[in-house]
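Please read the structure below before turning to the comments.
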Amino acid sequence: MSFEAYEDINDNKLVISWLNSQNGISTKTIEKLLEYFETPINIWDNLFEEKNNLKFLRSNILEELMKKKVNYKEKLIERLNNEKVSIITLLDEEYPIKLTNIINPPSILYCKGDIRCLNNLSIAIVGSRKATEYGKWCANKFSKELSNLGVTIISGLAYGIDTISHKSTLKNNGKTIGVIGSGINIVYPLKNRELYEEIEAKGSLIVTEYPFDREPIAANFPNRNRIISGLSSGILVIEAQDRSGTLITATHAAEQGKDVFAVPGNINSIFSVGTNKLIKDGAKLVMSVEDIIEEIRELRDINRDKAIRSIDYNSLNEVEKQIIALLEKGSMDIDSFCCNINNPTSEILSNLTILEMKDIVVQTSSKKFMLAN
């Protein structure tokens with residue numbers, strides 16, 4: 001989907017982008033202003049007159065806002081069109097539903113690329129900036145296998161795991177979303193400019209809640225992380241040090257009710273302390289992509305349909321057909337097979353082994369069987 005130039009702009013986008021452009025005005029402040037004035041246009045028309053009733057808004061911030069108001073609409077439209085940036089506010093119909101369900105949802109999103117990606121089935125892959133060879137291998141493996149299932153991969157465009165996840169997805173013709181902690185026109189780290197441009201060029205998406213020209217200060221990134229987890233159906237952590245930004249993203253995901261997955265690592269590596277701790281605290285241990293598929297219903301459905309289309313039923317014996325019929329309904333353990341198939345356990349096990357050898361069935365780390373993707 002190519003960028004559609006703005007000829008005009010609605011009140012939501014005009015007013016919320018204006019407020020958001022001012023240093024010192026947070027998402028919470030915008031929320032308070034909307035609560036007080038009820039509509040964006042009332043803020044635009046009456047903010048200065050109501051200043052004495054707005055104790056939460058400092059006078060110097062208000063003065064700067066009023067200066068920016070002059071020709072703001074024309075300047076905004078010109079810049080959006082020149083830089084091919086779309087904006088979506090919390091009050092717009094196209095605002096992603098997934099973000100409305102998180103704590104402190106961003107008031108506005110600045111988007112460069114295909115905004116349809118925001119509503120795709122997505123998994124976030126995050127991890128250490130100083131990835132080991134093992135971490136790089138895992139990031140490449142899981143981003144490739146998930147994107148081959150049609151999953152959009154979300155990450156933060158940082159060095160290490162983030163960069164590898166984005167690049168691997170694009171290499172496999174998948175969709176990826178890079179959520180950044182700066183203005184949409186600021187590439188950080190600068191060495192990722194080529195990746196940034198490739199994401200846009202290949203129909204994927206760059207997104208941020210920060211206005212044009214906002215520098216990537218450290219305080220921006222914890223806020224950025226809640227968007228990464230908020231847009232995803234689950235988050236996969238590949239290598240994380242203790243007390244790292246990656247763990248903040250995992251915490252956001254858990255608070256948002258999202259599935260948290262973690263790849264186990266070397267207990268003697270500082271880059272695996274965080275992931276191993278997540279697993280100890282209840283994150284789903286991931287050894288294969290099937291461990292992720294098993295937990296997310298939309299992925300199970302996609303995987304099942306894909307697997308069913310590839311099976312040659314004429315080559316299966318009766319027990320194998322019964323096993324496949326059961327797995328078409330979902331993953332299953334040995335006990336469940338034995339309760340549903342009137343054959344000896346040994347025969348069921350041997351047929352499961354044969355189906356595994358044929359790459360029709362796989363066993364997950366939780367000892368359940370499912371159709372292979």
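The values are calculated or read from the model by the stated rules, or taken from the named source; none is laboratory data. Worth saying up front: this structure is predicted, and the values here are computed from it rather than measured. A quick note on method: Cβ atoms are made from the backbone with ideal geometry, for glycine too, and the neighbour counts reach across all protein chains shown.
Residues of the stretch 216-242 that are free of Cβ contacts under 8 Å to residues at least 60 places away in the same chain and not in a helix (DSSP H, G or I): PRO216, ILE217, ALA218, ALA219, ASP242.
Name the residues in the stretch 249-259 that are surrounded by fewer than 21 Cβ atoms within 10 Å (Cβ to Cβ) and either out of contact with any strand residue (DSSP E or B) (no Cβ under 8 Å at 6 or more places or on another chain) or part of a helix (DSSP H, G or I) (or both), would you?
THR251, ALA254, GLU255, GLN256, GLY257
Is at least one residue of the stretch 129-150 assigned to a strand (DSSP E or B) and in contact with a strand residue (DSSP E or B) (Cβ under 6 Å, 6 or more places away or on another chain)? It would help to see each step written out before you state the result.
First pass over the stretch 129-150, keeping only residues assigned to a strand (DSSP E or B): none.
Scanning the stretch 129-150, I find no residue that is assigned to a strand (DSSP E or B) and in contact with a strand residue (DSSP E or B) (Cβ under 6 Å, 6 or more places away or on another chain), so the answer is no.
Figure legend. Inter-residue proximity from the stretch 16-28: first residues touching a residue at least 24 places away in the same chain (Cβ under 8 Å) and within 21 Å of ILE77 (Cβ to Cβ), second residues assigned to a helix (DSSP H, G or I) and of a type in the set (Asp, Glu), beta-carbon distance below 7 Å, spacing 6+ or different chains. Indicated pairs: GLN22/GLU64. For ASP162, the conditions (1) of a type in the set (Asp, Glu); (2) part of a loop (DSSP other than H, G, I, E, B); (3) crowded, with 24+ Cβ neighbours inside 10 Å are fulfilled apart from (2).
Let's see how each residue does on (1) among the small types (Gly, Ala, Ser); (2) exposed (fewer than 13 other Cβ atoms within 10 Å of the Cβ); (3) under 25 Å from LEU231 (Cβ atoms):
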{"residue": "LYS28", "(1), (2), (3)": "no, yes, yes"}
{"residue": "GLU35", "(1), (2), (3)": "no, yes, no"}
{"residue": "THR39", "(1), (2), (3)": "no, no, no"}
{"residue": "MET66", "(1), (2), (3)": "no, yes, no"}
{"residue": "TYR72", "(1), (2), (3)": "no, no, no"}
{"residue": "ASN82", "(1), (2), (3)": "no, yes, no"}
{"residue": "GLU93", "(1), (2), (3)": "no, yes, yes"}
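If you check VAL289, VAL319 for being in contact with a Phe, Trp or Tyr (Cβ under 8 Å, 6 or more places away or on another chain), among the aliphatic types (A, V, I, L, M) and surrounded by 13 or more Cβ atoms within 10 Å (Cβ to Cβ), only one passes: VAL289. Close contacts from the stretch 163-186, counting a first residue that is on the phi > 0 side of the Ramachandran plot and a second that is crowded, with 21+ Cβ neighbours inside 10 Å, with Cβ to Cβ under 9 Å and a gap of 6+ residues or different chains, come to ASN173/SER147. For the stretch 4-26, give me each residue that is assigned to a loop (DSSP other than H, G, I, E, B) and surrounded by 13 or more Cβ atoms within 10 Å (Cβ to Cβ). Listed by number, the residues that qualify are TYR6, ILE9, ASN10, SER21, GLN22, ILE25, SER26. Of all residues in the stretch 232-248, those being buried (at least 24 other Cβ atoms within 10 Å of the Cβ) and out of contact with any Ser or Thr (no Cβ under 6 Å at 6 or more places or on another chain) number 3. Considering the conditions (1) under 19 Å from ASP213 (Cβ atoms); (2) among the β-branched types (Val, Ile, Thr); (3) surrounded by fewer than 12 Cβ atoms within 10 Å (Cβ to Cβ), ILE97 is excluded by exactly one of them, (1). Being modelled with pLDDT of 95 or more and closer than 27 Å to ALA218 by Cα is true of LYS136.
The single residue among LYS329, LYS367 that is touching a helix residue (DSSP H, G or I) at 6+ places or on another chain (Cβ under 8 Å) and surrounded by fewer than 14 Cβ atoms within 10 Å (Cβ to Cβ) turns out to be LYS367. Against the numbered list (1) closer than 30 Å to LEU285 by Cβ; (2) part of a helix (DSSP H, G or I), GLU197 comes up short only at (1).
Highlighted here are the helices (runs of 4 or more DSSP H) found entirely within the stretch 260-373 that include at least 1 residues which are over 25 Å from the mean Cα position of the chain (by Cα) and under 26 Å from PHE142 (Cα atoms): 297-310, 318-327, 345-357.
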